[in-house]
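*Asks:* Here it is: the structure, laid out below.
The values are calculated or read from the model by the stated rules, or taken from the named source; none is laboratory data. As the structure is a prediction and not an experimental result, all values here were calculated from the model. Reconstructed Cβ throughout: ideal geometry from the backbone, glycine too, with neighbour counts over all protein chains shown. Please note that ligands, DNA and RNA were not included when accessible areas were found on the heavy atoms of the full protein model with its side chains. Shrake-Rupley method; radii C 1.70, N 1.55, O 1.52, S 1.80 Å.
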Amino acid sequence: MTTARERAAWARHAEQAIDDAGLRAGGARRAVVELLAKQDCCLSAQEIRDALVAAPGATPSMASVYRALDTLTDLHLVHKVDLGGAIARYEPAHPDGDHHHHAVCRDCGAVVAIEDDGVERALHEMAGRLAFQVDAHDITLHGRCAACAGQTKPRRAR
């Protein structure tokens, strides 16, 4: 998981990139950046708006949240994550390439972040064997979470 320091660095990077693009950093865009900087995993646009509405301060419209997410995606500050289904999710795109993958419960929709250095090494080794330059990759595991599968204890990704 990303640390508080890494999340704060992403927020500063995002604010600088927005400024460099000549865009205003206020309003919904700033609120979305501040919220995403506090997250460990991806959120849907609706989850982002719900969190902003629950917090004190201005309440951006759903359209403003989508516009902010579109701009942040266009600036490569946010990854639009497709986990299957009709709902896109969003998470910070760290400038150093740091990222994680996801496991999605087919029953309750829970999303779990997966960080695994071994998988990353294997993917890079595979790309080398294929003589393929990988620009980006993502892995999504689909199945049932521990609670939905009736297990008493969730298993952690290794």
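*Asks:* Is there any pair linking a residue in the stretch 45-74 that is within 19 Å of PRO92 (Cβ to Cβ) to one that is surrounded by 13 or more Cβ atoms within 10 Å (Cβ to Cβ) and among the hydroxyl-bearing types (Ser, Thr, Tyr), with Cβ under 8 Å and at least six apart or on different chains, and which?
*Replies:* That search, which allows pairs on different chains as well, returns ALA45/TYR66; ALA45/TYR90; ILE48/TYR90; LEU52/THR59; LEU69/TYR90; LEU72/TYR90; THR73/TYR90.
*Asks:* Take the conditions assigned to a helix (DSSP H, G or I), closer than 22 Å to HIS100 by Cβ, touching a Pro at 6+ places or on another chain (Cβ under 8 Å) and open to solvent by less than 80 Å² (accessible area, probe 1.4 Å) and apply them to ALA51. Does it pass?
*Replies:* Considered against the rule, which asks whether it is assigned to a helix (DSSP H, G or I), closer than 22 Å to HIS100 by Cβ, touching a Pro at 6+ places or on another chain (Cβ under 8 Å) and open to solvent by less than 80 Å² (accessible area, probe 1.4 Å), ALA51 comes out as no.
*Asks:* Check ARG30, ARG106 and return the single one that is under 23 Å from ARG5 (Cα atoms) and open to solvent by 80 Å² or more (accessible area, probe 1.4 Å). Can you show your working first?
*Replies:* Values: ARG106 fails: under 23 Å from ARG5 (Cα atoms).
Step by step, each of ARG30, ARG106 is checked, and only ARG30 is under 23 Å from ARG5 (Cα atoms) and open to solvent by 80 Å² or more (accessible area, probe 1.4 Å).
*Asks:* Being closer than 19 Å to ALA11 by Cβ, among the aliphatic types (A, V, I, L, M) and modelled with pLDDT under 95 is the filter here, so list the residues in the stretch 53-67 that pass it.
*Replies:* ALA55, ALA58, listed by residue number.
*Asks:* Conditions first: (1) open to solvent by 30 Å² or more (accessible area, probe 1.4 Å); (2) assigned to a loop (DSSP other than H, G, I, E, B); (3) at negative phi; (4) not polar (S, T, N, Q). PRO60 passes all but one, so which condition is the exception?
*Replies:* Only one criterion in (1) open to solvent by 30 Å² or more (accessible area, probe 1.4 Å); (2) assigned to a loop (DSSP other than H, G, I, E, B); (3) at negative phi; (4) not polar (S, T, N, Q) is unmet by PRO60, namely (1).
*Asks:* Considering only the stretch 8-25, I want to know if a residue exists there that is assigned to a helix (DSSP H, G or I), closer than 26 Å to ALA110 by Cβ and either open to solvent by 40 Å² or more (accessible area, probe 1.4 Å) or of a type outside the set (Gly, Ala, Ser) (or both).
*Replies:* Yes, there is a match, as at least one residue in the stretch 8-25 is assigned to a helix (DSSP H, G or I), closer than 26 Å to ALA110 by Cβ and either open to solvent by 40 Å² or more (accessible area, probe 1.4 Å) or of a type outside the set (Gly, Ala, Ser) (or both).
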